[in-house]
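Only one structure is covered here, and it is reproduced in the block below.
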Amino acid sequence: MLTAVDLAFGYRGVRVGGGVNLAIAPGEVFCLLGPNGCGKTTLFRTLLGLLPPHAGRVELDGKPVAAFSRAEFARRIAYVPQAGAPTFPFSVADVVLMGRASRIATFAAPGPADHAAARAALATIGIAHLAERRFSEVSGGERQMTLIARALAQEPGLVVMDEPTASLDFGNQARVIAQVRALGARGIAVVLSTHDPGQAFACASRVALMRRGEIVSLGRPTATLKPEALRALYGVDVTVAWLEPAGRRVCIPTLE
Amino acid sequence: MSRAAFRAWVIPLALLAAVLLVSLVVGRYPVGPGDVLRIIAAKLGGEAADVPETAATVVWQVRLPRVAAGLLVGAALAGSGAVFQGLFRNPLVSPDILGVSAGASVGAVTGIFLSLPVVAIQGLAFAGGLGAVAIVAAVGTAARGRDPVLVLVLAGVAIGALLGACVSLVKVLADPYDQLPAITFWLLGSLASTTRGDVLSIVPAIVLGLVPMVLLRWRMNLLTLDDEEARALGVETTRLRLVLIAAATLLTAAAVSISGIVGWIGLLVPHVARSLAGPDFARLLPVALMLGGGYLVAVDTLARCLAATEVPLGILTAAIGAPFFLWLLIAARQAWR
């Protein structure tokens, strides 16, 4: 559904990366790994049509992304940004309701159907009890859950998440990754970036390794996340092993 | 009725009604509240009221236009303040800080200097205000990478100083016996000489400015988010932002063109409104309008009753607004967080 062809991307006047070829299939969880500053966020912003491509193209269902109105695009693709602090004290329910923007006419306010969709999204993510709390006062993990609920209220086919587990504690990282898996199980494709290769084993159907703006390797996690590849990517020795009690592979740095 | 709706409607409405009535009752020539209501009812019904002719004249010809002007100007400044605070994602900006008021006063003072009709003064005030906010916003964009709030405020201060110099230039050039007193008094802010014609002349601009705010009452919430976040949610941010900035500037310019510079309302009132109604703009806007109108009518009533001579409005609003602002800076961070 979302494809990038020979895509070069960057800011105005500054090329960050290039040569990106991707095709995200419906319902798959696609994980992007790479060191800090390698261009993951810039690539995401280009995929979302927030930055124009430097070269190549980004297409949604075969149509260039620029041909969609923001609302048309938002009905298909949702974005979960890194949670910042909001300026005004909106409630969690207000924030989730904002996910309905692309389905509400410009001059209208949310109707009963929109409120119901927001409530359903909150319930699905399991944070209905937070609805009346201020978004600015809930914990970092709850804030991330709120933004995922907002993306769900958008009823998209694909959710793009920029480092959804960044600056979360251990338990909340696990909860977010569980939600990513649940989205995929519900048939909603997810593209996410993360700093923890182990998370790719836990949730992703495909993984891409990115280095200095280029995708150096792409494939199934078991085939792509090899110790040598991770060493080349991060510059540290890495152990990848099957962990029987967890029922999946894990990935940890080997410390001398 | 829910507690939230009570706070958002009943409290401001009750305050507003009380302020309006008191303002029509008190003054050099006292008229009882009953008489005030009878006079208004009679005038609206087209009959003669059973009250002294002087009382009817004072209420209908003198106080009512002034109260109406206070209501409109206060509501306009508070409404535009609420919009600017949302658009610039900063509860400390206001038409004053963004240079809109300064730009509008350059336009209006030039209009007075050229002895132009009121509509032309409004037009010039609008152009000046829009120009100022455009420059401030452009500086904010160009200085990307620094604290955006700080950049906006500093740009507003610099542009405000520059525009203040322009105003001073016009004052130097103005006729010292005729235009200069008018300009000076106008810069201090006053509703003392407001006529019914003045009030009616700004109604179209105020309605025109309010229409997009009412229509975009819910979208406005999305514009308080990070720009890319709002676009990813499906909002055409650039277009909506321009429309709302123009609307808020129009409101400020219309207000400034009849009242002169009345500072601080656009900063202070949206804060109080937010603490009553919450951040949802659909609820915030009517509360800000009611409180702004009521606040200015109250301050204007003080201005004409406090001393034997009329105290200029701008002096009173600054005397109340500036300490409030400082208190916000120091103590009340949670008021908007």
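Across chain B, the fraction of Cα-Cα pairs farther apart than 34 Å, rounded to a whole number, is 24%.
Since only A:Tyr79, A:Pro110, A:Phe44 are under comparison, the one whose Cα sits farthest along the positive direction of the charge dipole of the stretch A:26-150, derived from C-beta charges on Lys, Arg, Asp and Glu, is A:Phe44.
Each of A:Cys31, A:Cys203 was scored by other Cβ atoms within 10 Å of its Cβ. Listed from fewest to most, they are A:Cys203, A:Cys31.
Of the residues B:Asp280, B:Asp227, B:Asp50, the one that moves most in a GNM of chain B with alpha-carbon contacts below 10 Å is B:Asp50.
With the charge dipole of the protein assembly as shown set up from +1 on Lys and Arg Cβ and -1 on Asp and Glu Cβ about the Cα centre, the Cα lying farthest toward the positive end among the listed residues B:Ala143, A:Gly157, B:Pro12 is that of A:Gly157.
Annotation: the residues A:Lys226, A:Lys40, sorted from fewest to most other C-beta atoms within 10 Å of their own C-beta, follow the order A:Lys226, A:Lys40. Taking amide H as placed 1.01 Å from N in the peptide plane, A:Gly56 has its amide H under 5 Å from the amide H of A:Ala8, each at least 5 places away in sequence or on another chain. Between A:Ala105 and B:Leu92, the simple spin-label model (points 7 angstrom out along Cα→Cβ) gives 4.1 nm.
Classify chain A from the C-alpha gyration tensor, please: rounded if a/c falls under 1.5, else prolate or oblate depending on whether a/b exceeds b/c. Provide the component values of the computation, followed by the final result.
Values: a/c = 1.90, a/b = 1.27, b/c = 1.49.
Since a/c reaches 1.5 but b/c is at least a/b, the shape of chain A is classed as oblate.
Taking B:Thr57, B:Thr249, B:Thr224 as the candidate residues, the one with maximal mean-square fluctuation in a Gaussian network model of chain B, Cα springs under 10 Å, is B:Thr57. Among A:Ala149, A:Ala66, A:Ala208, the largest mean-square fluctuation in a Gaussian network model of chain A, built with springs joining Cα atoms closer than 10 Å, belongs to A:Ala66. Between A:Ala116 and B:Arg144, the modelled labels are 4.2 nm apart [label points 7 Å from Cα along Cα→Cβ].
For peptide B:220-232, the mean count of partner chain Cβ atoms within 10 Å of a residue's Cβ comes to 6.
May I ask you to order B:217-223, B:293-299, A:58-64 by the average number of other C-beta atoms within 10 Å around their residues, highest value first?
Working: B:217-223: 22.1, B:293-299: 26.6, A:58-64: 14.1.
Result, highest mean Cβ count within 10 Å first: B:293-299, B:217-223, A:58-64.
The phi-based Karplus calculation (6.51 cos²θ - 1.76 cosθ + 1.60; θ = phi - 60°) puts the 3J(HN,Hα) values of the stretch B:99-105 at x, 4, 5, 4, x, 5, 6 Hz, whole numbers, x for Gly and Pro. Under the classification rounded if a/c is under 1.5, otherwise prolate if a/b is larger than b/c and oblate if not, where does the stretch A:144-256 fall, given a ≥ b ≥ c as square roots of the Cα gyration tensor eigenvalues? In terms of gyration-tensor shape, prolate. Based on the convex hull around the alpha carbon atoms, the protein assembly as shown presents an average projected area of 31.7 nm². Less than 5 angstrom separates the built amide H of A:Val29 from those of A:Val190, A:Ser205, A:Arg206, all sequence-distant by 5 or more or on a different chain. For A:Tyr79, nonlocal amide neighbours, meaning residues 5 or more places apart or on other chains whose placed amide H falls under 5 Å from its own, are A:Val160. Other protein chain C-beta atoms within 10 Å of residue C-beta, averaged over A:98-105: 5. Computed from backbone phi with θ = phi - 60° and the Karplus coefficients 6.51, -1.76 and 1.60, the 3J(HN,Hα) list for the stretch B:69-82 is 5, x, 4, 5, 5, x, 5, 5, 5, 5, x, 5, x, 4 Hz; x is used for glycine and proline.
Each residue of the stretch B:185-195 was assigned a 3J(HN,Hα) from its phi angle through the Karplus curve 6.51 cos²θ - 1.76 cosθ + 1.60 (θ = phi - 60°); the sequence is 4, 5, 5, 7, x, 6, 10, 4, 9, 5, 9 Hz, with glycine and proline shown as x. With the simple spin-label model, which puts each label point 7 Å out from Cα in the Cβ direction, the B:Leu114 to A:Glu137 separation comes to 5.3 nm.
Laboratory data are not the source of any read-out in this text; all were calculated from the coordinates shown. Keep in mind it's a predicted model, so treat the numbers as computed, not measured. For neighbour counting, all protein chains shown are included, and Cβ atoms are generated from backbone atoms with ideal geometry for every residue, glycine included.
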